[in-house]
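**Student:** Please see the structure below; I have some questions.
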Amino acid sequence: MTFSYQAPVRAAFLAAGLALGLGTAASAETLVVAVTDPVGSLKDRMCQRFVDDVTARADASLSLNFVQGEALGAANSVMEQLIGGSIGVFCNELVWFADYVPDIQILGWGFTFRDPDHMASFFESDLFAPLSDQAIEQGARILAAQPTQPRMMFTKEPIDGIDDIQGMKMRVPQLKSYLELWKALGTNPTQVAWAEVYLALSTGVVVAAEGPPTDALGQKFHEVAPNITRTDHLFSTVMIAINEGAYQLLSPQMQEVVRVAAEDATKWARGVAEEEVSTMLAQAESEGATVAPIDKAPFQERSREAVDRMEGEGLWRTGLWADIQKL
């Protein structure tokens with residue numbers, strides 16, 4: 001491979017490459033590709049598509065080692081490994097960048113985006129460009145991202161309105177924006193790893209959880225929390241990101257290959273996700289679950305009321321929420 005950057009920078013990237021288990025310029029490189037969702041899940045299938053595409057188009061200088069499931073740890077741990085350089089590529093959700101790029105916390109704040117197109121316009125806007133730059137500065141490049149499915153509530157008991165969730169033991173992921181949102185909505189949020197949610201629901205550690213239908217129903221949440229409420233409070237995302245040191249070790253041709261493959265895979269995932277919402281919910285109903293709409297206005301109002309406090313605490317920059325509403 002040919003490197004055009006200066007010697008000290010080149011040495012730093014080579015060190016990052018060796019930490020990743022990559023070869024030097026004279027040998028083939030192997031990038032570790034990780035996805036923490038279960039085998040067969042949407043993100044797993046997306047990541048497999050990316051791996052297959054890159055493998056088919058790569059020259060002899062690059063190969064991929066795809067590690068599925070949580071073999072390398074939970075999502076927050078794998079994100080740390082991506083930033084640190086022991087993993088080359090991570091397929092998951094953009095919200096896992098929130099600890100490194102604070103403004104990405106906005107993606108975990110309910111009722112910020114009207115629909116997937118609104119979120120996609122944010123990704124394509126000048127508002128998002130600085131976030132991408134900050135991610136690179138932190139050590140990982142976002143190759144591509146897309147919105148996917150709305151997230152819904154899965155509860156043991158039916159939910160008729162916001163009063164029914166006050167004090168409810170609610171599972172949330174290990175992200176501050178999710179934690180603060182569900183506090184603002186009145187629940188008693190508890191952080192539980194995704195792979196442990198089914199057990200937490202079945203044992204009563206929590207009595208509610210939330211998530212996109214494909215992933216939540218794939219984990220059989222509806223077996224232990226059969227009341228599915230269409231809060232549609234958030235839109236999940238898919239993203240494919242690469243360690244920046246590893247990216248800089250690639251030739252310009254291989255950089256283009258991984259970028260285009262990531263764009264194609266995330267767009268495919270968005271299309272599949274939209275198709276699977278109704279299919280998965282119908283399947284859940286056939287297995288005994290109930291799916292119900294809800295008046296979202298009281299939830300939206302609680303969310304809006306807490307925006308100033310969140311911006312005052314620096315969860316994301318002041319004015320970002322309002323700027324997004326103008327898109």
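**Student:** Filter the stretch 173-191 for residues that are buried (at least 20 other Cβ atoms within 10 Å of the Cβ), at pLDDT below 95 and in a loop (DSSP other than H, G, I, E, B) and give the result.
**Tutor:** Pro173, Leu175
Each row is one residue, and each column tells you yes or no for (1) without any contact (Cβ under 8 Å) to a residue 40 or more places away in the chain; (2) part of a strand (DSSP E or B); (3) under 15 Å from Val260 (Cα atoms).
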residue	(1), (2), (3)
Val32	no, yes, no
Asp37	no, no, no
Gly40	no, no, no
Arg45	no, no, no
Asp53	no, no, yes
Ala56	yes, no, yes
Gly69	yes, no, no
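**Student:** Across the stretch 261-291, what is the number of residues that are of a type in the set (Gly, Ala, Ser) and surrounded by 14 or more Cβ atoms within 10 Å (Cβ to Cβ)? Working first, answer last.
**Tutor:** Residues of the stretch 261-291 that are of a type in the set (Gly, Ala, Ser), as a first pass: 261-262, 265, 269, 271, 273, 278, 282, 284, 286, 288-289.
With the extra rule that they be surrounded by 14 or more Cβ atoms within 10 Å (Cβ to Cβ), the set shrinks to 261-262, 265, 269, 273, 284, 289.
The qualifying residues number 7.
Per-residue answers, yes or no, for (1) out of contact with any Gly (no Cβ under 7 Å at 6 or more places or on another chain); (2) closer than 18 Å to Glu244 by Cα; (3) assigned by TED's automatic domain parsing to the domain that holds Gln174:
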{"residue": "Ala60", "(1), (2), (3)": "yes, no, no"}
{"residue": "Gln68", "(1), (2), (3)": "yes, no, no"}
{"residue": "Leu82", "(1), (2), (3)": "yes, yes, no"}
{"residue": "Ala98", "(1), (2), (3)": "no, yes, no"}
{"residue": "Gln105", "(1), (2), (3)": "yes, no, no"}
{"residue": "Gly108", "(1), (2), (3)": "yes, no, no"}
{"residue": "Ser132", "(1), (2), (3)": "yes, yes, no"}
{"residue": "Lys156", "(1), (2), (3)": "yes, no, yes"}
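**Student:** Ser202 versus (1) in contact with a strand residue (DSSP E or B) (Cβ under 9 Å, 6 or more places away or on another chain); (2) in a helix (DSSP H, G or I); (3) at pLDDT 95 or above: which is the lone unmet condition?
**Tutor:** Unmet for Ser202, out of (1) in contact with a strand residue (DSSP E or B) (Cβ under 9 Å, 6 or more places away or on another chain); (2) in a helix (DSSP H, G or I); (3) at pLDDT 95 or above: (1).
**Student:** Picking from Thr318, Thr266, which residue would you name as being in a helix (DSSP H, G or I) and closer than 21 Å to Pro130 by Cβ?
**Tutor:** On the way: Thr318 fails: in a helix (DSSP H, G or I).
The match here is Thr266.
**Student:** Tally up the residues in the stretch 278-292 that are part of a helix (DSSP H, G or I) and of a type outside the set (A, V, I, L, M, F, W, C), please.
**Tutor:** Residues flagged as part of a helix (DSSP H, G or I) and of a type outside the set (A, V, I, L, M, F, W, C) within the stretch 278-292 amount to 5.
The values are calculated or read from the model by the stated rules, or taken from the named source; none is laboratory data. This structure is a prediction, so every number in the text was calculated from the model and none was measured. Heads up, the Cβs are rebuilt from the backbone with ideal geometry, glycines too, and the neighbour counts pull from every protein chain shown.
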